[in-house]
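The values are calculated or read from the model by the stated rules, or taken from the named source; none is laboratory data. As the structure is a prediction and not an experimental result, all values here were calculated from the model. A quick note on method: Cβ atoms are made from the backbone with ideal geometry, for glycine too, and the neighbour counts reach across all protein chains shown. With ligands, DNA and RNA removed, areas are computed over all heavy atoms of the protein, side chains included. Shrake-Rupley method; radii C 1.70, N 1.55, O 1.52, S 1.80 Å.
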Amino acid sequence: MNAIEIINISKTYKSKTKTITALNNISLEIKEGELFGLIGPDGAGKSSLFRILATVLLPDVGSAKILNYDVIKNFKNIRKLIGYMPGRFSLYQDLSVEENLKFFATIFETTIEENYDLISDIYKQIEPFKNRRAGKLSGGMKQKLALSCALIHKPKILLLDEPTTGVDPVSRKEFWEILKKLKSQGITILVSTPYMDEANLCDRIALIQNGKILDVDLPENIVNKFDKDIFSVASDNMFLLLNDLRNYSHTLSCFAFGDSHHLVIERNKADENLLIQYLSRHKNLSVKKIEPTIEDCFMQMLQSEN
Amino acid sequence: MRQLKFLLIKEFQQILRNKLLVRLIIAVPIVQLVILPFAANYEIQNIKLSVVDNDHSEYSRKLINKFTSTNYFLLNGYFYSYKEAIHQLEKDNAELIIEIPKNFEKDLIRENETKIFITANAINGQTAGLSVSYSNSIIRDFNNDIRIEWLQPARINSLPTIEVTSSNWFNPKMNYKYFIVPGLMVLLVTLVGFLLTTINIVKEKEDGTIEQLNVSPLKKYQFILGKLIPFWIIGLVVLTIAQIVSFVLYGIYPVGSYLTIYLFAAIYLVALLGFGLFVSTLAETQQQAMFIAYFFMMIFILLGGLFAPIENMPNWAQFLTRLNPVSYFIEAIRMIILKGSGIKELATHFGIIILFAIIFNTLAVYSYHKTN
């Protein structure tokens, strides 16, 4: 059974001067017990989709169902089944950690004690600071508290909108460990992230851009589907190198990727030797054929979209 | 019920934790009631007076004495010409000039008639108006004095005159504070009830915490009650502080009953908080909320009859005051405190304020949506 079904949803925001299409005819199915990642850059429409699923935003067209409840008609049932963690930290900064948790437990008609086992792993990490005001917590701690609050009523489905944005790498890693644990307890998790490296941690991912879904698949399948050759190229003069690579006859795309450039060309059109020959005027040149990452696939898809 | 109880606990935790806010809630009514009744005093005293006496007669001296012997006027000096005197007025050394013409005494005795020229600085229209009317009554008094003086040898009462003696009902000494303090109480309750509620709800919007409440099974009425009850209580606390301060400081206590005041305030606050909630649904940021709230506060106060009597306003403005809940509370609290009116006499006021409460709250409930 599908935990979440999104059927042809569109949402536009209108202002006097312009109309922004946040979601453009999106359909998605998320299975029960899945850890599903919504991957896309800022402004892709991820938060709008989350807010529609959380029943706080109405779609213009289309419908969505959560555990067979319609997000518009049966929103009351849904609110008891989901735990929603908005992208922005939205707990009471002037209440302590414990008071926040207690408050949200009560609002959701439960108590901390009743569901303590579910949150104990996470809450133990922030329990030493339970008398500290939420506003005084570090970024990672805040997210753990927010997750605890979203979990306190034992939801069947977790909607986590960019939970790791602005969180340090260690806390990010810890956070994903927690998500895996929650998944093993049978909770369906829909998580969004702008970080491509987190895509591999999901069971399935959807790549989203400009309100459209580019692809939905297992992370490894998305990589496997990549039917082009990809090279990592670096030299002393990176700027000149980028220009040279973009002017190369077989180049499909070339982007700066950390300390090297990723060059995408049609399969078997060139190899390392040919490239070294072409780039002979560069010093300290290194050319290496590499396996594509999700990010490479995403960039390529964007390229072909345009 | 448990949810509502927790909402209230949370709200009070937040308010009490905001030390500055708590201090302000207590200090504002005290400070305002200590300072404003003195500052907002309409009685005008020590009006600076310049005199141009062209007659230098016994009568002219008597008239000037009559002016300077009151507290209202303070003699700035005698001048030889009107030109010199007007120069004093221009330099703000004088607010009123009296010019007594030449042959003032002679004309008065021979022709039975003479004229005095009075000039008032009308930069402040109120001072000017009052000082002219004070002058008129002093001159009238002077007039009566000389008539009586002349008539003494003859039969008294040969000239019929009507003497007006007024008595100020409900405020016998015309104590300005009796009039302004009850109005200030209303102002304070309004300030706390309206401004704080509005900003508090918008803060939840700005912080995004309202989003968490919106996805919860919390019912709309629970949320609204959770927001209104704390400020309803705070409003009544402020009213109590105001009552204590005005009794201790000014000896003002209601001729009517405290119960009537509190009953009216309780309903008034429901109306006001509903309006605050409505405004908060319009605003997205605290800045917007503050500005909208201030806009209404200004109108509420200026069209509320606190400073300027409603009867003096043009008809269209009088009509607007009828749409202003503040004007009803000011009127009602004055009636209760000064006149001793009870629920029976205030039935219309109660009726209208209940109507306001229903309208504002319906409006607020309809415009507050958990989903957008």
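Considering only residues that are at the interface with chain A (Cβ under 10 Å from one of its Cβ atoms) and either crowded, with 17+ Cβ neighbours inside 10 Å or not charged (D, E, K, R) (or both), which ones fall in the stretch B:12-21? Explain how you work it out, then say what you get.
Narrowing the stretch B:12-21 to residues at the interface with chain A (Cβ under 10 Å from one of its Cβ atoms): B:13-15, B:17-18.
Hits for the stretch B:12-21 are B:Gln13, B:Gln14, B:Ile15, B:Asn18.
Determine which member of the set A:Asn268, A:Asn273 is open to solvent by 100 Å² or more (accessible area, probe 1.4 Å), part of a helix (DSSP H, G or I) and free of Cβ contacts under 8 Å to residues at least 40 places away in the same chain.
Details: A:Asn268 fails: part of a helix (DSSP H, G or I).
Just one listed residue meets the conditions, A:Asn273.
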| task | Evaluate the following for A:Asn24: is it touching a Ser or Thr at 6+ places or on another chain (Cβ under 9 Å) and either in the same structural domain as A:Lys183 (by TED's automatic domain parsing) or polar (S, T, N, Q) (or both)? | result | yes
| Considering only the stretch A:242-259, how many residues are buried (at least 18 other Cβ atoms within 10 Å of the Cβ) and in contact with a Leu (Cβ under 7 Å, 6 or more places away or on another chain)? | 3
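Can you give me the number of residues within the stretch A:39-62 that are more than 18 Å from A:Thr165 (Cβ to Cβ) and touching a Lys or Arg at 6+ places or on another chain (Cβ under 9 Å)?
Residues of the stretch A:39-62 that are more than 18 Å from A:Thr165 (Cβ to Cβ), as a first pass: A:52-53, A:55-62.
Now narrow it down to the ones that are touching a Lys or Arg at 6+ places or on another chain (Cβ under 9 Å): A:52, A:55-62.
The total comes to 9.
Residues checked against (1) closer than 26 Å to A:Thr55 by Cα; (2) within 14 Å of chain B (Cβ to nearest Cβ); (3) touching a strand residue (DSSP E or B) at 6+ places or on another chain (Cβ under 9 Å); (4) open to solvent by 10 Å² or more (accessible area, probe 1.4 Å):
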{"residue": "A:Ile126", "(1), (2), (3), (4)": "no, no, no, no"}
{"residue": "A:Arg133", "(1), (2), (3), (4)": "no, yes, yes, yes"}
{"residue": "A:Gly139", "(1), (2), (3), (4)": "no, no, no, yes"}
{"residue": "A:Ala146", "(1), (2), (3), (4)": "yes, yes, yes, no"}
{"residue": "A:Leu159", "(1), (2), (3), (4)": "yes, yes, yes, no"}
{"residue": "A:Leu182", "(1), (2), (3), (4)": "yes, no, yes, no"}
{"residue": "A:Gly186", "(1), (2), (3), (4)": "yes, no, no, yes"}
{"residue": "A:Ser192", "(1), (2), (3), (4)": "yes, no, yes, no"}
{"residue": "A:Ile208", "(1), (2), (3), (4)": "yes, no, yes, no"}
| request: Report yes if some residue within the stretch B:217-230 is modelled with pLDDT of 90 or more, open to solvent by less than 70 Å² (accessible area, probe 1.4 Å), within 15 Å of B:Leu191 (Cβ to Cβ) and of a type in the set (A, V, I, L, M, F, W, C); otherwise report no. | output: no
| remark: If you go through B:Ile86, B:Ile30, the only one that is at pLDDT 90 or above and in the same structural domain as B:Gly183 (by TED's automatic domain parsing) is B:Ile30
| Top-ranked residue of the stretch B:162-195 - restricted to ones that are part of a helix (DSSP H, G or I) and open to solvent by 10 Å² or more (accessible area, probe 1.4 Å), ranked as modelled with the lowest pLDDT | B:Tyr176
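Of these, A:Phe231, A:Phe226, which one is in contact (Cβ under 8 Å) with a residue 24 or more places away in the chain and part of a loop (DSSP other than H, G, I, E, B)?
Unique residue meeting the criteria: A:Phe226.
Is it the case that the stretch B:339-350 has a residue that's among the hydroxyl-bearing types (Ser, Thr, Tyr) and open to solvent by less than 50 Å² (accessible area, probe 1.4 Å)?
yes
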| task | Scan (1) surrounded by fewer than 22 Cβ atoms within 10 Å (Cβ to Cβ); (2) outside any strand (DSSP E or B); (3) more than 14 Å from chain B (Cβ to nearest Cβ) for the single condition A:Thr164 breaks and write down its number. | result | (1)
| field | Condition met for B:Val255 (open to solvent by 10 Å² or more (accessible area, probe 1.4 Å), in contact with a Lys or Arg (Cβ under 8 Å, 6 or more places away or on another chain) and of a type in the set (Val, Ile, Thr)) | value | yes
| said: For A:Leu242, only one of the following conditions fails: (1) modelled with pLDDT of 85 or more; (2) farther than 30 Å from A:Leu53 by Cβ; (3) out of contact with any strand residue (DSSP E or B) (no Cβ under 6 Å at 6 or more places or on another chain). What is its number? | reply: (3)
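Tell me, which strands (runs of 3 or more DSSP E) wholly within the stretch A:2-111 include 3 or more residues that are open to solvent by less than 20 Å² (accessible area, probe 1.4 Å) and within 13 Å of another protein chain (Cβ to nearest Cβ)? Explain how you work it out, then say what you get.
Values: elements: A:2-14, A:19-31, A:35-39, A:61-66, A:82-85.
The strands (runs of 3 or more DSSP E) meeting that bar are A:82-85.
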